[in-house]
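> Below you'll find the structure I mean.
The numbers here are math on the coordinates, done by the rules we state, and not lab data. This is a predicted model, so every value here is computed, not measured. Reconstructed Cβ throughout: ideal geometry from the backbone, glycine too, with neighbour counts over all protein chains shown.
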Ligand SMILES: NC(=O)c1ccc[n+]([C@@H]2O[C@H](COP(=O)([O-])OP(=O)(O)OC[C@H]3O[C@@H](n4cnc5c(N)ncnc54)[C@H](OP(=O)(O)O)[C@@H]3O)[C@@H](O)[C@H]2O)c1
């Protein structure tokens, strides 16, 4: 497993990280804790040193499983967790007041809950779980920023980040402001928007970039079919509802012709390598609940990524659509 530096935090993180939403047992259908623990152990054993989670992933369930992994391994790795918005609204709307989403007492209580769930005295990286740049102009913003400073001084958090709305341009002002050390952004072979402004800005400001949803919630593994059906409690029954999965699968054949070859023999590896082809990216965090998926995905970290000419060809497959709506 190769590693990269997470921006100005200076922390070395594995190129493939662990996406911990699915193991939280919320919104992903049936999930078995024993299988999730095996996947976490496989990730550690394969050299994964970055684990992404959130309080919202099963009201701390994902955090607690990761804490259990560290206990069983005898030491911690780097974890990023997230403060949910108090109004539990994703994505963030520009008209929502900061008082409604991230009042200071809510921030403090969420930090305390995550500290307990992760069995630690200090959170390495605490992120806003949603963001809109209009909050920088909200009258409450100075107090919110000050709350994070006080939490840092008290030794409860080390670094601050933000997990962005699906639009990667929704936090450019936040990055410019110097408030965050890291951003987490949706980026994959279809949704390539982060290349346009966010990646160059993060490089300029030395802000770490964590890439999420590298598989477009599964389609870019090549393992879903137009007739794949999800359990009603799996959010993908909506995400890939109607003919959305059919539309998506129809594009995969052409995409595979472009990305498969000496560097990637299957679509899942191509999808991860695509994300790692950009210097701005520190780590990519596929969601994984199965050991077999972990073992397959870690193979993507081999230093053989797409070059400028290949990326130009891949650019023609850009397809921006918001299936979360
Ligand atoms: N707003 C936010 O902050 C936000 C939103 C979304 C995601 N995230 C973070 O980003 C992470 C990744 O995003 P995601 O989990 O939503 O989507 P994703 O990584 O695009 O896709 C996850 C799906 O891919 C499957 N998969 C993984 N490796 C595979 C392989 N080699 N072959 C076939 N299938 C494979 C997983 O199956 P199994 O689960 O069965 O292994 C899961 O169904 C999350 O876990 C979370 O940490 C954050």
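> Given contacts defined as C-alpha pairs under 8 Å and at least six residues apart, what's the relative contact order of segment 98-166, whole-number percent?
Details: 71 pairs, mean separation 31.5, N = 69.
Once normalised by length, the contact order is 46 percent.
> Continuing with the same structure: Distance between the C-alpha centers of segment 57-121 and segment 219-240? Whole Å please.
Taking the Cα centre of each part, segment 57-121 and segment 219-240 sit 27 Å apart.
> If neighbour count is taken as other Cβ atoms inside 10 Å, put 143, 309 in order from fewest to most.
309, 143
> I need to check one value: relative contact order of the chain, counting alpha carbon pairs closer than 8 Å and at least 6 residues apart, in percent. Spell out each step's value before the answer.
Numbers: 633 pairs, mean separation 72.9, N = 325.
Relative contact order for the chain comes out at 22 percent.
> Compute the length gained on full extension between residue 5 and residue 325: take 0.36 nm times their separation in residues and subtract their Cα-Cα distance, giving the result in nm to one decimal.
Values: separation 320, 0.36 × 320 = 115.20 nm, distance 3.37 nm.
Going from the current span to full extension adds 111.8 nm.
> Please arrange 88, 37 by how many other C-beta atoms lie within 10 Å of their C-beta, fewest to most. Before the final figure, lay out the partial values.
On the way: 88 10, 37 16.
Taking fewest neighbouring Cβ atoms as first place, the list is 88, 37.
> Tell me what the chain gives for mean residue ellipticity at 222 nm when only DSSP H runs of n ≥ 4 count, each as -39,500 (n - 2.57), the sum divided by the residue total, rounded to 500 deg cm²/dmol.
Numbers: 12 runs with 116 residues, N = 325.
Value at 222 nm, helices only: -10500 deg cm²/dmol.
> Suppose R0 equals 25 Å; then what is the FRET efficiency for residue 108 and residue 137 from their Cβ-Cβ distance, rounded to the nearest 0.05? It would help to have the intermediate numbers written out before the result.
Details: r = 23 Å, r/R0 = 0.92.
After rounding, the FRET efficiency stands at 0.60.
> Under a point spin-label approximation (7 Å from Cα along Cα-to-Cβ), what is the residue 150-residue 205 distance to one decimal in nm?
For the pair residue 150/residue 205, the computed spacing is 2.4 nm.
> If the chain between residue 225 and residue 59 were fully stretched, how many nm would it gain, using 0.36 nm times the residue separation less the Cα-Cα distance? Please report the intermediate quantities before stating the final value.
Values: separation 166, 0.36 × 166 = 59.76 nm, distance 3.16 nm.
The residue 225-residue 59 span can extend by a further 56.6 nm.
> Note down the nm distance, to one decimal, between modelled labels 7 Å out along Cα→Cβ at residue 250 and at residue 308.
Here the modelled spin labels are 3.6 nm apart.
> Have a look at 145, 54, 268 and tell me which one the Gaussian network model of the chain (Cα, springs below 10 Å) gives the largest fluctuation.
145
> Okay, moving on. Compute the distance from the alpha-carbon center of segment 138-181 to that of segment 272-325, in whole Å.
The distance from the Cα centre of segment 138-181 to that of segment 272-325 comes to 26 Å.
> Same structure again: Using Cα springs under 10 Å in a Gaussian network model of the chain, which residue among 241, 161, 22 shows the largest mean-square fluctuation?
241
> I would also like to ask the following. Taking the Cα-to-Cβ direction at residue 116 and at residue 195 and moving 7 Å from each Cα, how far apart do the two end points lie in nm?
For residue 116 paired with residue 195, the spin-label model returns 4.6 nm.
> Please label the shape of the chain as rounded, prolate or oblate, based on the square roots a ≥ b ≥ c of the eigenvalues of the alpha-carbon gyration tensor (a/c under 1.5 means rounded; beyond that, a/b larger than b/c means prolate, else oblate). List each step's numbers first, then the result.
Values: a/c = 1.44, a/b = 1.31, b/c = 1.10.
Note, shape of the chain comes out rounded.
> Please identify, among 195, 157, 16, the residue showing maximal mean-square fluctuation in a Gaussian network model of the chain using a 10 angstrom Cα cutoff.
The residue that fluctuates most here is 195.
> Would you mind calculating the relative contact order of segment 208-325 from Cα pairs under 8 angstrom and at least 6 residues apart, reporting the percent as a whole number? Can you show the working numbers first?
Values: 114 pairs, mean separation 41.5, N = 118.
Worked out over segment 208-325, it gives 35 percent.
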